[in-house]
Each structure stands twice: as structure tokens, then as C-alpha cells.
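What follows is a set of notes on a single structure, which appears directly below.
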Amino acid sequence: MGYQFTKAEANALFQQWKERYDVYAPMLMKGEGCFSDTDIVRYGQPDTLEDIEWAKKSDYSFKEVLLSINQTLFYFTEDKTIVPNPPKKEILIFLRACDMHALTRLDDVYLKNGFEDIYYRQVREMTHFVLMGCTQSCETGFCVSMGTNKADTYDGYVKLDGETVLMDLPMAELAEGAKAEELAVTPDYVTENFEKVTLPKNLTNECFTDDIWKEFGSRCIACGRCNFACPTCTCYTMQDIFYNDNPKNGERRRVWASCQVDGYTVIAGGYDCRKNQSDRMRFKVLHKISDHEKRFGHTMCVGCGRCEAICPEYISYITLINRLAEKEG
Amino acid sequence: MAMDINTKKIKRNAFRVSKKRGYGACRIRVPGGYLDSKVLGMVQEIADKYSATGKIHLTTRQGFEIEDIRLTDIPEITRAIQPIIEAVGINQKDPYTGYTESGTRNISACIGNNVCPFANYNTSALARKIDKAIFPNDLHFKVACTGCSNDCAKVRMHDFGIIGMTMPQYDPTRCISCEACVKGCKSLSVGALSINNYKIVRDTEKCIGCGVCVTKCPTRAWTRSQKKYYKLTIMGRTGKKNPRLGQDWLVWADEENIIKIICNTYRFVEQYISPNAPARKEHIGYIIDRVGFEEYKKWALEGVELMPETIMKKCIYWNGIHFTDKSAWTD
Amino acid sequence: MKNEYIPQLSTVREVIKHTALEYTFRMEFDHAEIVKPGQFFEISLPKYGEAPISVSGIGADTVDFTIRRVGKVTNEIFENYVGDKLFIRGPYGNGFDIENYKGKELVVIAGGTGLSPIKGVVDYFAAHTDENISTTLIAGFKDPDSVLFRDDFKFWKENINVIQSVDRAPEDYTGPVGMVTKYIPDLKFTDISNASFICVGPPIMIKFVVKAILELGVKEEQIWVSHERKMCCGLGKCGHCRVGSTYICLDGPVFNYVDGKKLID
């Protein structure tokens, strides 16, 4: 059901949402960029619809709401383990079409790959999604190439249009008490990007020895930004700690990990299964465009272009993939 | 041809009397070395018109020195450079009077955070702000601004050096223990970071606020403080008697107090400058050597209320090279 | 819904000290009957972290873990297990399927603690010699002091062919000396097409052993390998053990070489 609101009406409805849900949306974090006097867009809890960054794509994705960067799995007290309480309040996440598709990739790993992950399941079941449309392509995204430019499984759709706000609210709870002109609202989506990507179709282990990995990998500084910004990267590492002021107690956490950062594949005794950066680059790229697909039927990459935009060494994932496709002819 | 020139006056107006009889040079200063490209065209126009050889020297203090101008053209050039003075936005009492004082030198700056990833503030903006506060003045002051502790602007060779700092803000919930900051701080800076329980511990005594941790962090666990901080180094200088490096006086200081201290120092110099100082120019460091740091501090800190986080060094000693002391030169 | 991450507290029944660096911890486990050789558990000392450890023996209500002291977690386990309990969760992974080796001429080649995951298979055929044609164990250790499972070797030597070799030894040592690959060309078979090979050890050892086996004229599908990777979760989530589209913790760690050879880090 579509609605048209004034900004004030929409914000009143938004306040209602905030009472019921923990609302997360991309926000411009002033001065929190990498460099002095630069900003960053990442997920936060907005007070009003205007607090949301509608124009720019978020530099870091929504995944940190579902998968905390640091998540306590349980606490240790002597011989016991205590699991933290699951979130009490339901969650509402504002996100874009590419991200809605990324959500299915998170589900692949956390719900479908062998065991179900209870922590993810608990949060996931309490989370609803509000689509933010795209009236024009972002600079580095290639959602059209990946077929992720449109999303239709949203619980709500919100569009700020000057002084009016358009919404489509398929989830009845979101529309509760909404008094406004009803009309048909369909989400904006882009049909063309600045970047176009052609995926290689016949990748085999033979491409492992291609010089292209060395060419791109040798420029990598192993910082992991591409993984941390990616909405579909899901890896983590376990960490056990005991509290400095109470060594009898402690906790086990899982913390985001990156396949590009040193230590990711080091096994007991110190042997590193994937030591050089070229192999790590190949491992990451093939996962995104081919290996995940072999297991789950769709590519992992959703073409959001965040890794492209964040790489401090200007290693272009887009160029790399297109080059792989070109080689196939 | 008879040529009657008041050299004291033209020097005070920032012109130079050159070694070639009848010729001089026109100095144009650019605070912070930051200008619109159109200013280059304006400088070129003046050089083309008035310089006998068409040469310009780029000065060490980020100005232009148009060489080989006729001393007799000075009144005309003084009027001609007015658009440049306005374009770079320096302080001037009356238009078309050129630079009325030249003792206080152009405030130089590194490229700063307009461009440089390491810089912690907009150096040229601060240079202009200080320019507004202290110009025009004929007392011999050198001030420079640099974006970070790398000190590309060599501010420690100045009476006042302003080094950009940031107070690193750490959000442990965003930290993934990759240790990029720890490695970066160790290899590029002072090694103030260590890891405990997979989280970073910052040694606040060691940290120099350079911001390397912030630029290295891949997750925004480290961010810059909203407030900008500065280190104030004082009384560095070059020269024929006792060149020395400026010493840290204030760490984690703020812009307003630094400007206040510089202004206060002008009053201190007015009070204590040697009556025999040639052209009323004596390096401030020598004055402090003579009257003592405690006395200087009294003057400099007049009306200054430092922030609680600002660290002030109680006493400062300068060493440097003493050319007047030859004893060390012989066996 | 079960929280797979919560480990259970398990009592250490017995500690068998093989060498200064390698102990076997015999741990209580109520469902030992579901455990297969080649599977692994995540073993932890709370507050120090978890490590994936292969099952090296399966009792009525116990499982054995032979732990080599090489990392932070295993160090702590050695230091702090005393009289005590460890946290365990598992079993994970596919493990070895005994059925694959019945009626075969089985050759097991293992290096060092690589013996742990296949120890169950060796135990089985040493106790059920009638269920296959022959069993040969080639076990390599660094030196005579590093030999593990000494008591088990006594039993095995009585029932199956055992070549227990060391990479290097003092001059007065009388046993076999040399890398495990040295013994492969001399293996005798009644019908090599009915032979099965299992190879477990560090990645570099697997590479050379498989090469030597293939040189015998054996088909790839006659070879099984077990891979060691950094398995943080054992649940197909953490990603560390993924190779291509394979999650070693879920799909392995035991692979027929036809699939195993495609696993390139």
C-alpha cells in the first residue's frame, strides 16, 4: 500500500517506528573519515528521517547491524558459560537494493551452510528492512550488471521527495496509524550504472597461475578494507579474553576477519596456507564471482562497488573482473 | 641621473635594495603559500612590466620576489600589487600602500589537510587567521604552520611553530584486532600503541597525536577528535649567532590560545628588545635568553586559559650551535 | 534451537604423555558412538581460545585428543589442564568411512600428529584383520624421541604391517630411518587396483606422498587425504578453512583425492 505524507507526518510515523524498533540507517558521520576533515557514511541510529544520508551510498554496509563487528558469544565464569540475552527490541534497517540482495548472501552462510547460526538467526528474525531507492547510479556500483538493481522483498520503502515523503509499506505494522493520501508507490531503481561488469563464465583452477593475480595482488597492502566494507563478506575469528581485573571471568567473542589480512590462514605451528597477497586476492575475487555461486547458486558479489571505492591503493576490483572476462574472449 | 631613495622606508615596505645600483626587488607574500592560480598571472604581469630581466624568485617563506625592478618604479609598483594583496587576503591598514611593515615575516605552511592525507588541520587557513591577528608589524617574528609531526614546513626553525595534532578516538566495538595501527605507529611514529585482550592500549604519555593510527585503521575504530589540537614549539631560529631548534612548549593546545600567546609575545618584545638592536630587529630567543624564560612566560600567558588537556612544559632550554663560542672548535 | 558454539565441560580421564610436546588427553564424552576417526572437535581452555583437534581414539564413553604443543591455546592446555576439565564441542567434519577400506589392501601413511586422525582406522583394522586383505602403516616421526602412541604400535605390529620410521636418528639407532616416501616404491600388492591409500600430514608431506603413490600406477580415486586448516568455528561460518567452494570443516577434512586435488589454497 502506497502513501504520500508531508515531511512532518512522515517524521511522526518515523518516531512511532523508533518506539517499536531500533532503527538503523546510513548516516553521515562528520569528521570520522580516514583523513582530517573528511566524513564517512556508515550505519547509525537516526533521530529523524533527515538524519539519514539519502544521497550517498554508505561506505560501510548494513551488515554490522546483523553481524556485530565484535560479538560476545558467551561469558565464562569458572566452569560455566552464560549466553548474552538476544536483542529485546525489533530492528528496522534502511538499505538499498544491492544490500537487500547482499542479505541473501549472509543468509546463505549463516543459515544454510551446514549448521544454523543461532546468533544470526535471532537477530535476523527480529529485523525488518526498509528499502531506499536509487534515482541515479552511485559512482562505483554495478548492480545492473549483477542483476541486483531491483529489490522487491522489502518490508517498507521510503522516499524523500522535496517536502513530501512517499512510502510503500507492505508490512502492516509499519503502516499502523498512518493517515495519509494513499496511492501507488513503486521504488526507484537504476537501469544503468557508470560501471559495467562482465563476469568470466568459464573459470577453472587453471586461472590460478594467471599473472593477473600477481599484477593486482602485488599492489595490495593487506589492510582488509575491501572485506570490511563488503556487505557479503562474513568471515570472523574467535577471540577468548579474560578480564584484566577479574582473571577468573572472561568471554568468547567472534570478531570480523579478512582473508586479505595476515594470519587468516595460519594453522597451529605457524604454517600459512595462503601466504602471498596475489593468492589472497585470487581467493577473494573468485569467491565473490564464482566459488560462492558453485555452492549456493548465485554469485556472492552484489555489485555495490564499496570495495572499489574504499581501496586505498586504487586496486580496481571492477577492472580485474573485466580483464578476467576479456581473457576468456 | 640623480636618484634620491629612502632605503629605510622602502625596506620597511618589503622591497629589497639589490647589489646592482638603482635596482631592487619587490616581495609579495602569500600567507600559508596558498593562492588562487589567477594570482600567478597577476605576479607575471607585474614582472613582465617592471622587471628588467623578467625573473622571479620563489622565496623560502612562500612568497614571490620579482627581481631587477627599478627603485624609481617603487611607488608605481606599490599601487600595482594592490590586487594581489587583496586576492591573497592579507591584513593591510590602507589600500594602495603595499606592505607597510616587513619585520614580521610571511607565515608559511605545509600543504596541510586540503591535500595531504597525514595533515591534521587546514594549515593555510590557520596561517591566514594568524596573519589577520599579527600583521602588519615590523618586529622580527617568524611563524609557521605544519600539518603533522613530520614537520615538512620546518616549523622548528621558527619563533613559533604550530604542529597539527589529533587526539585519537578509539571505539573498541569497531576494532577487529588487525593491529594495522600498532604496526603503523611503530614503523612510522613513536610506538605508542600495544594490544591487550585483543584491544588497543594507547600510551598517552608517548602519543604525539600524529594520527597515523587513524589513517591505518580499516574499520573506523580509530577516528580523529572533533576538536583540533596543536603542538606549539617556540624560539627556533637560523642565524649568525646561535641557530637552534624550537622546543615544545605546549602540547594538545588550541588555536585561540596559541594566537593569544603570539600576540602577547609582541608586547613582551616591545618591552624588552635591546635599544641597540639594528633596525629594531632582535631574535626573540635572544631576548628570552637575556631576561629569562620565567619572565617571558609571565608575559606570554597573560589572559591565556589553557584547556585541561593541554600540557605545558615548565621550563625550556635551547642548545643549538653557538658560533660566538669558538672553544669547541679547537683541540 | 541448539547453540552450537557452547562447548561442554569434559573431564580429563587420563593424560598419556608421548613426548614433551605431545600428550593424549582422554576426555569424557557421552556420545562416543557417533564419533568417527578423522572427525575433529574444537577444544578450549576458557579464556585462552579454541583449537581444532582431531579425534585420535574413540572409547566407550571417551574420546582421545592428541595435542601437540605448538600454539597459544595448546600451550595453555598443557600448562593448565591439571586434574581437570577442558571445554569441548563436536564432533565436526566427515571423518573416515571404514566401509571404504573393507576388503582392500590398505596403506596408511602418516607423519607426526597426522597419525591422530587415522589412528581409529588403523585400530579398527588391527582388531579386525579379517575385514580387509592387508593393512600397512607407514608412520614417520622427526626423531626417535618424537614417536607417538608407543603402546599402540606394539599392538599394531602384532597384527598389521608397520613401518615406523624416523627422519633422523643417532648412530646407534637400529630402526628404519628416512622419509615416509622412501618406503612407498617398495610396497608389495597382490592386486594394486584393489589397494586403498590414506595419507595424513602437513600439506607438504601430502604433496610428496601422493606423488609417490601415483607413481605406483594407482588411480586417484584409490587415495584419501585429510586436510588441516585453521578451523575457527567448525560450523561452516568463520570462513578460514574455505578453499574454493569447499568448506573443509563441513565437506572434509577427509577427501578422496579426486576432490582433494582440486583444493588449492
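The values are calculated or read from the model by the stated rules, or taken from the named source; none is laboratory data. Predicted model only: the values in this text are computed from it and were never measured. A quick note on method: Cβ atoms are made from the backbone with ideal geometry, for glycine too, and the neighbour counts reach across all protein chains shown.
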| field | One residue from B:S108, B:S37 being modelled with pLDDT of 95 or more and closer than 19 Å to B:D138 by Cα | value | B:S108
| In region C:1-22, the residues that are of a type in the set (A, V, I, L, M), facing chain A (nearest Cβ under 9 Å) and touching a residue at least 60 places away in the same chain (Cβ under 8 Å) | C:I6, C:L9
| remark: Only one of (1) of a type outside the set (S, T, Y); (2) in a loop (DSSP other than H, G, I, E, B); (3) within 14 Å of chain C (Cβ to nearest Cβ) does not apply to A:L199, and that is (3)
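Which ones in region C:153-180 are among the charged types (D, E, K, R) and either in a loop (DSSP other than H, G, I, E, B) or surrounded by 18 or more Cβ atoms within 10 Å (Cβ to Cβ) (or both)? Before the answer, list the steps.
Let us first name the residues in region C:153-180 that are among the charged types (D, E, K, R), namely C:154, C:157-158, C:167-168, C:171-172.
Residues satisfying the conditions are C:D167, C:R168, C:E171, C:D172.
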| Qualifying residue in region A:244-254 (condition: surrounded by fewer than 22 Cβ atoms within 10 Å (Cβ to Cβ), part of a loop (DSSP other than H, G, I, E, B), on the phi > 0 side of the Ramachandran plot and facing another protein chain (nearest Cβ under 9 Å)) | no
| request: Please verify whether region A:90-106 includes one or more residues that are surrounded by fewer than 18 Cβ atoms within 10 Å (Cβ to Cβ), without any contact (Cβ under 8 Å) to a residue 24 or more places away in the chain and either at the interface with another protein chain (Cβ under 8 Å from one of its Cβ atoms) or not in a helix (DSSP H, G or I) (or both). | output: no
| Applying the selection to region C:79-109, what residues are in a helix (DSSP H, G or I) and surrounded by 20 or more Cβ atoms within 10 Å (Cβ to Cβ)? | C:Y101
| field | Residue selected from region A:122-159 under the condition more than 17 Å from the chain's Cα centre (by Cα) and of a type in the set (A, V, I, L, M), by the criterion farthest from C:K2 (Cα to Cα) | value | A:V144
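Only one residue in A:V123, A:V144 is within 14 Å of chain C (Cβ to nearest Cβ), part of a helix (DSSP H, G or I) and β-branched (V, I, T), so which one is that? Explain how you work it out, then say what you get.
Details: A:V144 fails: within 14 Å of chain C (Cβ to nearest Cβ).
When all the criteria are applied, what remains is A:V123.
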| query | Of the residues A:G177, A:G162, which is more than 21 Å from the chain's Cα centre (by Cα), at positive phi and free of Cβ contacts under 8 Å to residues at least 40 places away in the same chain? | reply | A:G162
| said: Return the residues of region B:206-233 that are charged (D, E, K, R), more than 8 Å from chain A (Cβ to nearest Cβ) and either under 20 Å from A:C307 (Cα atoms) or outside any loop (DSSP other than H, G, I, E, B) (or both); say none if nothing qualifies. | reply: B:K231
| Of these, B:N276, B:N264, B:N242, B:N257, which one is touching a His at 6+ places or on another chain (Cβ under 6 Å) and outside any strand (DSSP E or B)? | B:N242
| Residue count for region B:155-202, restricted to those that are away from every other protein chain (no Cβ under 11 Å) and farther than 30 Å from A:R252 by Cα | 14
| note | For region B:106-129, pairs from a residue that is away from chain A (no Cβ under 13 Å) to a residue that is of a type in the set (D, E), with Cβ under 6 Å and 6 or more apart or across chains, are B:I107/B:D131
| task | State which residue is surrounded by the most Cβ atoms within 10 Å (Cβ to Cβ) when the search covers only region B:274-321 and only residues that are farther than 29 Å from B:E205 by Cβ and either charged (D, E, K, R) or not assigned by TED's automatic domain parsing to the domain that holds B:V251 (or both). | result | B:E282
| request: Identify, by number, the condition in (1) within 28 Å of C:Y5 (Cα to Cα); (2) within 7 Å of another protein chain (Cβ to nearest Cβ) that A:N227 doesn't meet. | output: (2)
| task | Filter region C:69-98 for residues that are within 13 Å of chain A (Cβ to nearest Cβ), of a type in the set (D, E, K, R) and under 25 Å from C:T19 (Cβ atoms) and give the result. | result | C:R69, C:K72, C:E76, C:D84, C:K85
